[in-house]
Amino acid sequence: MMRIKFNGKDYETNCKDTLEFFKQHSKDENDVWIINGFATKAKQELKDSDELFCISKNTLPPKDALEAMMRARHTPKLHDKLKISSVAVCGLGGLGSHIALMLARSGVGRLHLIDFDVIEPSNLNRQAYMIEDLGKFKTEAMKEQISKINPFIEVKIDTLRIDENNIKDLFKDDDIVCEAFDSDLAKAMLAQNFHRYFEDKVLICGSGLAGYGNSNSIQTRKIACNFYVCGDLESAAQPGNGLMAPRVNICAAHQANLVLELLVQIKN
């Protein structure tokens, strides 16, 4: 008798392999089979302590099953570190909305979303919102989107404008902070004040991402201890050189990718 886990519970079986087991327990050929965190229908020998899930397609898997799939895709050690991490995203426009979604899909366990603005039609050319989001606060719309990707992520929202007076309270529970403001003044304010209160925390800013083309000029640079800037540091939005989705997304990906890299180091 084999002792395994099936759909999150202890289970005993006489089956010798996964194909035999799922033929007994799967009612639909479209069911998703998860074997030790990996989605596969290949025949594998069953061993004590194996963990199996059978999930109906087009339905939300239970938390344990979704967790198993995420761990398999991200590798267990990496996912376990991301799951216990908290990242703040300041500004949920073209940069911030895509940073937040990338981090959600990557398995960061807690996202802190901060913005004061509502979604308007001019946002739709580059920001991660839909027609039905028009008029909503960006914080609330982004929280809704993340819940559709992974409802088990903790999302905290603050619908407010960040200033010198609330910095010290806003970020006390976050491991890393991503700046994604549209305003140069707001960027400068956060960069100049953040490390007054959080000397040991990482701040990642974006600067220079307007226009299109010249993808490789967007880079990640370490400016000082715990301070990074992603962008080309030159391409500011102005008449004739607006903000367009591809280049904004390239910079957002730089910021999100750096977050993952640094969280692995922080959580060691």
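Counted residue by residue at 0.36 nm each, then reduced by the alpha carbon distance between them, the extension gain from ASP80 to ARG3 reaches 25.2 nm. Charges were assigned to the Cβ only: +1 to each Lys and Arg, -1 to each Asp and Glu. The resulting dipole of the stretch 130-202 about its Cα centre is roughly 80 debye.
Between ASP10 and SER183, the contour length at 0.36 nm per residue exceeds the Cα-Cα span by 56.8 nm. Using a cut-off of 22 Å between Cα atoms, the listed pairs LYS148/LYS172; LYS136/LYS172; LYS83/LYS148 include LYS148/LYS172; LYS136/LYS172 as exceeding that distance. Local charge for PHE198 was computed over the other residues whose Cβ lies under 9 Å away, with Lys and Arg +1 and Asp and Glu -1, and equals +1. Converting the Cα gyration tensor eigenvalues of the stretch 128-261 into ellipsoid dimensions via √(5λ) gives semi-axes, longest first, of 23, 22, 15 Å. Remark on the chain: Rg and Dmax equal 21.7, 72 Å (Cα only).
Using DSSP to call loops (not H, G, I, E or B), can you name the GluC sites (Glu not before Pro) in the stretch 92-160 whose Cβ has at most 12 other Cβ atoms within 10 angstrom? Sparse-neighbourhood loop GluC sites (Glu not before Pro): none present.
Karplus-derived 3J(HN,Hα) values for the stretch 103-120, using 6.51 cos²θ - 1.76 cosθ + 1.60 with θ = phi - 60°, are 5, 5, 5, 7, x, 4, x, 9, 10, 10, 9, 10, 6, 10, 9, 10, 7, 10 Hz; glycine and proline are entered as x. Taking 0.36 nm per residue of separation and subtracting the current Cα-Cα distance, fully stretching the chain between LYS41 and GLU140 would add 31.8 nm. Using all pairs of distinct alpha-carbon atoms, the Kirkwood hydrodynamic radius of the stretch 82-142 works out to 11.7 angstrom. By accessible area, using a 1.4 Å probe on protein heavy atoms only, the stretch 58-177 has 52% of its surface on carbon and sulfur. Per-residue ellipticity at 222 nm computed for the chain from its helices equals -10500 deg cm²/dmol, with DSSP H segments shorter than 4 residues left out and the rest contributing -39,500 (n - 2.57). For the chain, the solvent-accessible area with a 1.4 angstrom probe is 52 square angstrom per residue.
Dividing the mean sequence gap of close Cα pairs (under 8 Å, 6+ apart) by how many residues the stretch 132-262 holds gives a relative contact order of 19 percent. Sequentially through the stretch 130-135, phi angles give Karplus couplings (6.51, -1.76, 1.60; θ = phi - 60°) of 10, 3, 5, 8, 4, x Hz, Gly and Pro residues having no value and appearing as x.
Computed on the stretch 1-113, the Cα convex hull volume stands at 116 Å³ per residue. Restriction of the trypsin sites (Lys or Arg not before Pro) in the stretch 153-210 to DSSP coil positions whose beta-carbon has at most 16 other beta-carbons within 10 angstrom yields ARG161, LYS172.
A Förster radius of 41 Å combined with the Cβ-Cβ distance from LEU60 to GLN219 puts the calculated FRET efficiency at roughly 0.60. As a length-normalised measure over Cα pairs under 8 Å and 6 or more apart, the relative contact order of the stretch 1-131 settles at 19 percent. Work out the charge dipole of the chain with +1 on the Cβ of Lys and Arg and -1 on the Cβ of Asp and Glu about the Cα centre, then indicate which of ASN125, PHE6, ALA100 is farthest towards its positive end. Result: PHE6.
Take every Cα pair under 8 Å whose residues are at least 6 apart in sequence, average their separation, divide by the length of the chain, and the relative contact order is 15 percent.
The values are calculated or read from the model by the stated rules, or taken from the named source; none is laboratory data. Here the structure is a predicted model, which is why all the values come from computation and not from measurement. Please note: Cβ atoms are built from the backbone with ideal geometry, for glycine as well, and neighbour counts cover all protein chains shown. Side chains included, ligands, DNA and RNA excluded: accessible areas come from the protein's heavy atoms. Shrake-Rupley method; radii C 1.70, N 1.55, O 1.52, S 1.80 Å.
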